[in-house]
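These notes are about the structure you will find just below.
The values are calculated or read from the model by the stated rules, or taken from the named source; none is laboratory data. Treat the numbers as computed from the prediction; the structure is a model and nothing was measured. Cβ atoms come from the backbone with ideal geometry, glycine included; neighbour counts cover every protein chain shown. To get the accessible areas, we keep the full protein, side chains included, count just its heavy atoms, and leave off ligands, DNA and RNA. Shrake-Rupley method; radii C 1.70, N 1.55, O 1.52, S 1.80 Å.
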Amino acid sequence: MSMIKVEDKLYQNRYIVDENRPHIYIKDAEVCASNCKSQPCTFCCPANCYTKDDAGGVNLVTDGCLECGTCRVICQDHGNVSWNYPRGGYGISYKFG
Amino acid sequence: MVEKFDAIVVGAGPSGNSAAYTLAKGGLKVLQIERGEYSGSKNVQGAIMYADALERIIPDFRDDAPLERHIIEQRIWLLGDDSYIGTNYRSDSFNSERPNRYTIIRAQFDKWFNEKVREAGALVICETTVTELLRDANGKVYGVRTDRENGEVHADVVIMADGVNALLARRADLQPELPPENAALAVKEIHFIDPALIEQRFQVKGDEGVVIEMMGKVTGGMVGTAFLYTNKESLTIGIGCLISDFKERGIAPYKLLEDLKNHPVIKPLIQGGEVKEYAGHLIPEGGYKAVPQVCGDGWMVVGDAAHLNNAAHREGSNLAMTSGRFAAETLIELKKQGKAPVAANLALYKKKLDESFVMKDLKKYKNLPEIMHMSPQFFSAYPDLLNGAAHNLFTVDNVDKKTKENQILKSFAKRRSLFGLVGDAFKLARAFR
């Protein structure tokens, strides 16, 4: 349910997508699957970029990213997120902010 | 040859724009680098703009700045499940010629401010992300590397105005990492709505505006606040809680926002609006104790990047603009005196912060973040109890007032022991004193 709602919200936003160049990536998929029980990125990310996959791991799609930094802060104990801003000019472009 | 500037300002939000504008006006050769399409395109805030801080930088800003409504009424509400209890302060004296607070739309306001920076003579480059600081063998900062080809630029000083994530300072080990209990994640939406409905629902006319700050049941016991601000033709509604709380409770931020929008006392206020944008942003909430070192050899850090946010009073952009101005004024003074921008000389920036409302206010509330974090009752039990007390008192039902009074006292003592009540009052009073 909530998944659909977030997608509706993100649909209102303007994004300049940097095709095939995600600015955030998961360093080691195994760490998410084995070492992180609660997987907080899957419910804390305001754009729902992180979802649980069938194999018990975490899947990341950065297209809707709001560049807030929550996942960067939240994954500090595992240090498993490589977090960068998109290349200059790409990513979310707020009309109102 | 690599181009050299007196100063490079990274970021074009309120702190960066204030710094770059003041530096350029002071005759320094300034480069400002912004990663977004334009100044404001990456920036998110509620958003309230405090006139005084801007007036000290651009005295006649009211002539052409894109301002939404000036605030004539402030409401603070404690939300219960289907009610609120709170305070309103409204005064016609806020309808002065130079109003004190305005709602703004950041993408428009920052763009305007950045135009002023350009007019003042700074070179502004957008769509360029600064990837790291350039430092010599002694650690002195002498420029930045960007994601452009041959994207190295040199300067006497780099002013980091890159926002709450402060990647540059952290990557250069000039700042520790941001702990989840020191930042709130806020999500918000902008709802476009007929201005006639805003006037009717909030009892305002012309450019008058109302802000509502909320605490209570809607954060589900997490440390956080919600807000509803009136713009000219739109309303912004949002809610934010500590990241550590989101993490512990397993609650999704957009779920809270939906609950807030559907709350029976909020829903009628936003009804009929059309959502045009959804935003998410971090807010530095650690207060005084979380402020890092703000300057060193060849560098200064301003605004959110320096954790300069007064969470107790929901003030941020004024601290940002003031810190940006101080950083610039420091540099201008040093330049005049022919002093090098080494740590000992740039410490003048810290002194300016310490002697102003910026650090004085943060210091005043230095214990508040810990108290709030350790006292979830402020965000669940109290809103509940106070709403319940009001409900009991205002329901006329054949029960005498003395009995009602006892019922209310009992409800408080039951949820929170008498000892706890006194302790909370004491803690809160001390934190705010």
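What to note about this one:
- Whether a residue is modelled with pLDDT under 95, under 22 Å from the mean Cα position of the chain (by Cα) and within 13 Å of chain A (Cβ to nearest Cβ) was assessed, and residue B:46 passes this test.
- Residue B:312 open to solvent by less than 40 Å² (accessible area, probe 1.4 Å), over 20 Å from residue B:177 (Cα atoms) and either not basic (Lys, Arg) or not in a helix (DSSP H, G or I) (or both): yes
- Single residue of region B:1-55 satisfying the filter (farther than 17 Å from residue B:168 by Cα and part of a strand (DSSP E or B)) that is most open to solvent (accessible area, probe 1.4 Å): B:4
- Entirely in region B:100-189, the strands (runs of 3 or more DSSP E) that have 1 or more residues that are under 25 Å from the mean Cα position of the chain (by Cα): B:101-103, B:123-125, B:130-135, B:152-160
Quick grid of which residues meet (1) open to solvent by 20 Å² or more (accessible area, probe 1.4 Å); (2) acidic (Asp, Glu); (3) more than 12 Å from chain B (Cβ to nearest Cβ); (4) assigned to a loop (DSSP other than H, G, I, E, B):
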| residue | (1), (2), (3), (4) |
| --- | --- |
| A:56 | yes, no, yes, yes |
| A:59 | yes, no, yes, no |
| A:65 | no, no, no, yes |
| A:73 | no, no, no, no |
| A:77 | yes, yes, no, yes |
| A:88 | no, no, no, yes |
| A:94 | no, no, no, yes |
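- Residue in region B:193-215 that is within 13 Å of chain A (Cβ to nearest Cβ), surrounded by fewer than 21 Cβ atoms within 10 Å (Cβ to Cβ) and touching a residue at least 40 places away in the same chain (Cβ under 8 Å) present: no
- Filtered by the rule that a residue be open to solvent by less than 20 Å² (accessible area, probe 1.4 Å), within 14 Å of chain A (Cβ to nearest Cβ) and in contact with a Pro (Cβ under 8 Å, 6 or more places away or on another chain), region B:216-235 gives a lone residue, B:222.
- Residues located in region B:116-132, provided they are away from chain A (no Cβ under 14 Å) and touching a residue at least 60 places away in the same chain (Cβ under 8 Å): B:116, B:117, B:120, B:121, B:122, B:123
- Residue B:269 meets the stated requirement of being in contact with a strand residue (DSSP E or B) (Cβ under 9 Å, 6 or more places away or on another chain), more than 14 Å from chain A (Cβ to nearest Cβ) and open to solvent by less than 30 Å² (accessible area, probe 1.4 Å).
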